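Asker: Sharing a structure, written as structure tokens. Questions coming.
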Amino acid sequence: MHYRMTLCAFLGAGLLGGCLVSESARDRDVRPLSHGSLPSLHAAFIPPSPETIPGDQRGEAIRLGFKVIVDTQEYAQAYVGNVLTCTNCHLDGGLNPSAASFVGLSLVYPEYQARAARDMSLAERINECFIRNLNGKALPPDSEKLEAVVAYIGWLSQNVSHARHISWRGIPRIAPSRPPDAGQGRQLFATKCAFCHGTEGQGTMAAPPLWGPTSFSRGSEMARVGVAAAFIKANMPRGWGWALTDDEAFDVAAYVVSQPRPDFPGKKYDWPKGGKPADAPY
Ligand code: HEC
Ligand code: HEC
């Protein structure tokens, strides 16, 4: 994926945790091998080349937005309540088509969201991740940094002609062949995940926490077993995505989501008009 390496080089490799991953590991990460719907997706997934970031004020905003995404702790500290960064989940700065990529999202929003039972702008959706996934608080609507993230996503979306072409949207979902088994997941975690994420899921120098007070809240989409399983299947262990079976991904996801994490006080207001997914943890 040369555009990624170029993007890293262009925007400053030091900023990008994801750029520390070797190129071969990155290629494997997005290679459309074991996922049936990916080949066509791959053809259409064309993020712009970094040379097209304009040199003007808008270009400045795009660069700032990128920094907020890849180093949220530094660039949006006041709005973050845990140790995570956007790109820990939206891998490779939102450029990874298997990890809720940002490419194309500017064409999708505003969009109706059942969880809030109203239309939501892209800026509001970004703030949802600040509140729930970073266990923090919303940036003010006129915040320069919030506008910068919107500008970055707008720049990433410029080659997408229509919202219906975004076949890579979200995380490619999988289905288990039997009910998930958190006990099996615990053993899998010890052999396949603890090395990087820590035996207590607390995170290490190599990887962010998966549970505990410094991880994502119960209001996060990642706290749903189906979403976590899909993310883990396609992306974990980091650099070796698609290595677990679907059942293994569900088992380890069931274990991870069953562990303690920050509560989300606003949860009582979610899905006021129905539409709650079956795997919502509350
Ligand atoms: C080789 C090290 C490594 C291994 C092994 C690994 N991960 Fe990760 N994981 C990472 C890194 C690094 C990130 C953050 C990615 C980034 O910032 O680019 C991450 C991110 C995550 C995230 C999203 C961010 C968060 O903290 O919640 C989840 C969930 C996750 N991993 C689950 C797992 C599970 C489950 C396993 C075992 C099947 C696993 N990982 C194995 C390195 C690893
Ligand atoms: C703990 C993991 C995690 C972190 C950290 C995180 N997100 Fe998310 N985000 C998700 C998941 C999971 C989804 C839903 C994906 C799905 O439903 O397939 C999501 C969805 C989104 C969406 C909507 C995607 C769409 O297709 O409509 C946007 C925009 C977004 N996040 C932005 C951000 C930004 C900006 C940050 C940092 C401020 C961030 N997220 C931090 C996990 C995370």
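The values are calculated or read from the model by the stated rules, or taken from the named source; none is laboratory data. Since this is a predicted model, take the numbers as computed values, not measurements. Backbone-built Cβ (ideal geometry, glycine too); neighbour counts: all protein chains shown.
Residue-by-condition table, conditions (1) at pLDDT below 95; (2) touching a helix residue (DSSP H, G or I) at 6+ places or on another chain (Cβ under 8 Å); (3) more than 14 Å from ligand 2 (Cβ to nearest atom):
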residue: Val227; (1), (2), (3): no, yes, no
residue: Ile232; (1), (2), (3): no, yes, no
residue: Asn235; (1), (2), (3): no, yes, no
residue: Arg238; (1), (2), (3): no, yes, no
residue: Glu248; (1), (2), (3): no, yes, yes
residue: Val252; (1), (2), (3): no, yes, yes
residue: Val256; (1), (2), (3): no, yes, no
residue: Pro260; (1), (2), (3): no, no, yes
residue: Asp263; (1), (2), (3): no, no, yes
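Asker: What pairs can you find where one residue is in region 105-133 and more than 21 Å from Arg224 (Cα to Cα) and aromatic (Phe, Trp, Tyr), the other is at pLDDT 95 or above and part of a helix (DSSP H, G or I), and their Cβ atoms are less than 6 Å apart, with a gap of 6+ or different chains?
Answerer: As it stands, the answer is Tyr109/Leu122, since those pairs meet every condition given.
Asker: Checking Ile131 against (1) at positive phi; (2) within 10 Å of ligand 2 (Cβ to nearest atom); (3) crowded, with 16+ Cβ neighbours inside 10 Å, only one condition comes out false. Which one?
Answerer: (1)
Asker: While we're looking at this one, here's another question. Mind checking whether some residue in region 92-111 is closer than 27 Å to Pro265 by Cα, away from ligand 1 (no atom under 16 Å from the Cβ) and touching a helix residue (DSSP H, G or I) at 6+ places or on another chain (Cβ under 6 Å)?
Answerer: Yes; the residues of region 92-111 include at least one that is closer than 27 Å to Pro265 by Cα, away from ligand 1 (no atom under 16 Å from the Cβ) and touching a helix residue (DSSP H, G or I) at 6+ places or on another chain (Cβ under 6 Å).
Let's see how each residue does on (1) closer than 23 Å to Pro54 by Cβ; (2) of a type outside the set (Lys, Arg); (3) more than 12 Å from the chain's Cα centre (by Cα):
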| position | (1), (2), (3) |
| --- | --- |
| Leu84 | no, yes, no |
| Leu95 | yes, yes, no |
| Ser106 | yes, yes, yes |
| Ala114 | no, yes, yes |
| Ala117 | no, yes, yes |
| Glu147 | yes, yes, yes |
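Asker: At least 1 residues that are among the β-branched types (Val, Ile, Thr) and surrounded by 14 or more Cβ atoms within 10 Å (Cβ to Cβ) in each: list the helices (runs of 4 or more DSSP H) lying fully within region 167-282 that qualify.
Answerer: So the answer is 225-235, 246-257.
Asker: Name the residue, out of Ile166, Ile174, Ile126, that is within 16 Å of ligand 1 (Cβ to nearest atom), among the β-branched types (Val, Ile, Thr) and under 20 Å from Asn96 (Cβ atoms). So that I can check it myself, show each step before the final result.
Answerer: Details: Ile166 fails: within 16 Å of ligand 1 (Cβ to nearest atom); Ile126 fails: within 16 Å of ligand 1 (Cβ to nearest atom).
Of Ile166, Ile174, Ile126, the one residue that is within 16 Å of ligand 1 (Cβ to nearest atom), among the β-branched types (Val, Ile, Thr) and under 20 Å from Asn96 (Cβ atoms) is Ile174.
Asker: Testing Pro140 on (1) within 24 Å of Ala78 (Cα to Cα); (2) touching a residue at least 24 places away in the same chain (Cβ under 8 Å); (3) touching a helix residue (DSSP H, G or I) at 6+ places or on another chain (Cβ under 8 Å), one condition comes back false. Which one is that?
Answerer: All conditions are met except number (2).
Asker: Just one of Arg178, Arg173, Arg218, Arg224 is of a type in the set (D, E, K, R) and more than 18 Å from the chain's Cα centre (by Cα); which is it?
Answerer: Working: Arg173 fails: more than 18 Å from the chain's Cα centre (by Cα); Arg218 fails: more than 18 Å from the chain's Cα centre (by Cα); Arg224 fails: more than 18 Å from the chain's Cα centre (by Cα).
Matching residue, one of Arg178, Arg173, Arg218, Arg224: Arg178.
Asker: While we're looking at this one, here's another question. Please work out if Ala163 is surrounded by 20 or more Cβ atoms within 10 Å (Cβ to Cβ) and either within 12 Å of ligand 2 (Cβ to nearest atom) or in contact (Cβ under 8 Å) with a residue 60 or more places away in the chain (or both).
Answerer: Numbers: surrounded by 20 or more Cβ atoms within 10 Å (Cβ to Cβ): no; either within 12 Å of ligand 2 (Cβ to nearest atom) or in contact (Cβ under 8 Å) with a residue 60 or more places away in the chain (or both): yes.
Spelling it out, it is not the case that Ala163 is surrounded by 20 or more Cβ atoms within 10 Å (Cβ to Cβ) and either within 12 Å of ligand 2 (Cβ to nearest atom) or in contact (Cβ under 8 Å) with a residue 60 or more places away in the chain (or both).
Asker: Related question: Please state which one of Thr199, Thr214, Thr191 is among the β-branched types (Val, Ile, Thr) and in contact with a Pro (Cβ under 9 Å, 6 or more places away or on another chain).
Answerer: Working: Thr199 fails: in contact with a Pro (Cβ under 9 Å, 6 or more places away or on another chain); Thr191 fails: in contact with a Pro (Cβ under 9 Å, 6 or more places away or on another chain).
Of the residues listed, the single one that is among the β-branched types (Val, Ile, Thr) and in contact with a Pro (Cβ under 9 Å, 6 or more places away or on another chain) is Thr214.
Asker: Take the conditions within 14 Å of ligand 2 (Cβ to nearest atom), within 18 Å of the chain's Cα centre (by Cα) and either under 22 Å from Ala138 (Cα atoms) or modelled with pLDDT of 95 or more (or both) and apply them to Gly212. Does it pass?
Answerer: On the way: within 14 Å of ligand 2 (Cβ to nearest atom): yes; within 18 Å of the chain's Cα centre (by Cα): no; either under 22 Å from Ala138 (Cα atoms) or modelled with pLDDT of 95 or more (or both): yes.
For Gly212, the condition - within 14 Å of ligand 2 (Cβ to nearest atom), within 18 Å of the chain's Cα centre (by Cα) and either under 22 Å from Ala138 (Cα atoms) or modelled with pLDDT of 95 or more (or both) - is not met.
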